[in-house]
Amino acid sequence: MNISIDLKYTYGFISIDEINAFEDEIKLHLKSLTEKTGKGNDFLGWVDLPEELDGDFLDSVKKSAEKLASNSEIVVVIGIGGSYLGARAVIDALNHQFASILPGNSPLVIYAGQNIAEDYLTQLLDVLDKKEYSIIVISKSGTTTEPAIAFRILKNQLENKYGKEEAVSRIVAITDKEKGALKEVANKEGYDTFIVPDDVGGRYSVLTPVGLLPIATAGFDIDELLRGAREMREHILNESDLEKNPVMLYAAARNALYRKGKTIEIMVSYLPNLYYITEWWKQLYGESEGKENKGIFPAGVGFTTDLHSMGQYIQEGLRNIFETVISVENTRHSLLIPEDEGNADKLNYLAGRNIDQVNKMAELGTLIAHVDGGVPNIRISIPEINEYYLGQLIYHLPEGNLTLFQ
């Protein structure tokens with residue numbers, strides 16, 4: 001089973017005919033995307049990445065990841081925007097949510113260069129002073145302010161801790177193939193290096209070394225990630241029926257809702273480990289659509305937590321919003337709610353139920369309440385969280401960004 005799109009909770013706001021009216025245009029846009037024609041075609045290398053990454057390349061990524069993991073308790077990924085969000089989205093989705101306080105076979109991947117906060121960097125140095133660590137620094141230019149500052153500071157600390165020769169072996173640079181400040185430093189110092197492809201923009205780079213190396217270093221299966229992306233790509237390209245093509249269906253529904261004045265899309269998840277999937281999606285859609293004074297504004301909430309804050313606005317605020325719910329069918333664990341003799345909290349009616357059953361009840365009840373309150377909902381269903389289905393999702397979402405804005 002693949003990820004799927006359910007639009008039934010939009011039909012009170014847009015009709016099937018209004019969705020289907022976009023079919024021909026969506027097909028043309030999808031064709032221009034996959035054939036790399038039209039505006040922005042020089043940055044469409046990501047479209048074919050799942051097919052183009054060969055075994056030798058993946059072996060080199062895995063070997064570099066093994067080298068980093070073999071001598072590091074912590075690997076610091078230095079980058080901002082697309083240089084870290086995609087990797088963090090996948091790693092956080094797959095990781096034990098308390099990995100930072102549990103022993104493990106793989107190094108803990110943490111992040112720097114995504115802010116210019118003095119306390120953050122100072123406290124990071126405090127931690128790294130007591131741990132064995134390495135660095136993956138990601139920047140096409142090497143001059144972006146936030147990661148450049150972080151790399152300068154961490155490189156200095158690494159060299160002071162290990163000596164310059166060993167420090168070199170603990171740094172991997174992912175940068176431009178021939179130009180830029182980081183490329184110049186990498187060549188001069190002799191760092192292991194991977195290339196950010198010229199035709200892949202930062203926010204689409206999760207299936208390049210930018211994402212694959214940190215994900216592999218964290219101990220996750222990049223072959224399965226790419227298999228999911230590859231099979232999603234094949235399905236999208238080979239399925240011409242709008243109703244059976246999740247990318248076309250999602251894009252058509254978003255366009256139809258936008259025409260009805262729904263100018264804000266809120267991505268909703270009910271699992272906290274999907275937080276950075278939403279953060280990555282926000283960058284992906286915000287940078288792509290926020291042009292020419294047009295576009296759907298991407299926002300995100302984590303339910304049920306945010307039901308106790310943003311829930312009120314979504315229920316009864318300005319009616320220019322719609323929600324896209326990432327719904328996960330199966331969790332990795334099973335935990336039952338116990339019976340309580342006193343029943344002071346009046347929750348014995350839930351005793352014996354699985355926690356996820358209650359979460360699913362909250363998800364359905366919230367969805368129905370929000371639809372009744374004037375907020376259409378698109379539902380993206382994922383069978384479970386693993387590398388394969390995340391590969392499908394991270395290929396599906398960029399392709400779904402076929403917004404016409406006429």
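Could you please find all residues in segment 219-245 being open to solvent by less than 10 Å² (accessible area, probe 1.4 Å) and either under 18 Å from LEU7 (Cβ atoms) or of a type in the set (A, V, I, L, M) (or both)?
Here is the first cut: in segment 219-245, the residues open to solvent by less than 10 Å² (accessible area, probe 1.4 Å) are 222, 225-226, 228-229, 232, 236, 242, 245.
Within segment 219-245, ILE222, LEU225, LEU226, ALA229, MET232, ILE236, LEU242, ASN245 qualify.
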request  = Determine whether segment 13-35 contains at least one residue that is buried (at least 18 other Cβ atoms within 10 Å of the Cβ), out of contact with any helix residue (DSSP H, G or I) (no Cβ under 6 Å at 6 or more places or on another chain) and at pLDDT 95 or above.
outcome  = yes
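Answer yes if at least one residue in segment 55-69 is out of contact with any Ser or Thr (no Cβ under 7 Å at 6 or more places or on another chain), in a loop (DSSP other than H, G, I, E, B) and closer than 25 Å to ASN386 by Cβ, and no otherwise. Break it down stepwise before answering.
In the first step, residues of segment 55-69 are kept if they are out of contact with any Ser or Thr (no Cβ under 7 Å at 6 or more places or on another chain); the result is 55-64, 66-67.
Now drop any that are not in a loop (DSSP other than H, G, I, E, B), which leaves none.
Within segment 55-69, not a single residue is out of contact with any Ser or Thr (no Cβ under 7 Å at 6 or more places or on another chain), in a loop (DSSP other than H, G, I, E, B) and closer than 25 Å to ASN386 by Cβ.
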request  = Scan segment 211-269 residue by residue and report those that are closer than 21 Å to TYR285 by Cα and among the polar types (S, T, N, Q).
outcome  = ASN245, ASN255, THR263, SER269
Checklist (1) closer than 22 Å to TYR395 by Cβ; (2) free of Cβ contacts under 8 Å to residues at least 24 places away in the same chain applied to LYS63, failing item = (1)
key: So VAL210, is it over 25 Å from SER100 (Cα atoms) and either open to solvent by less than 10 Å² (accessible area, probe 1.4 Å) or in contact with a Phe, Trp or Tyr (Cβ under 6 Å, 6 or more places away or on another chain) (or both)   = no
note = For segment 317-359, the count of residues that are surrounded by 13 or more Cβ atoms within 10 Å (Cβ to Cβ), of a type in the set (A, V, I, L, M) and within 29 Å of ALA299 (Cα to Cα) equals 6
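The values are calculated or read from the model by the stated rules, or taken from the named source; none is laboratory data. Predicted, not measured: the structure shown is a model, and the values here were computed from it. In this analysis, Cβ positions are derived from the backbone assuming ideal geometry, glycine residues included, and neighbour counts consider all displayed protein chains. Each accessible area value is taken on the protein alone, full model and side chains, heavy atoms only, with ligands, DNA and RNA left out. Shrake-Rupley method; radii C 1.70, N 1.55, O 1.52, S 1.80 Å.
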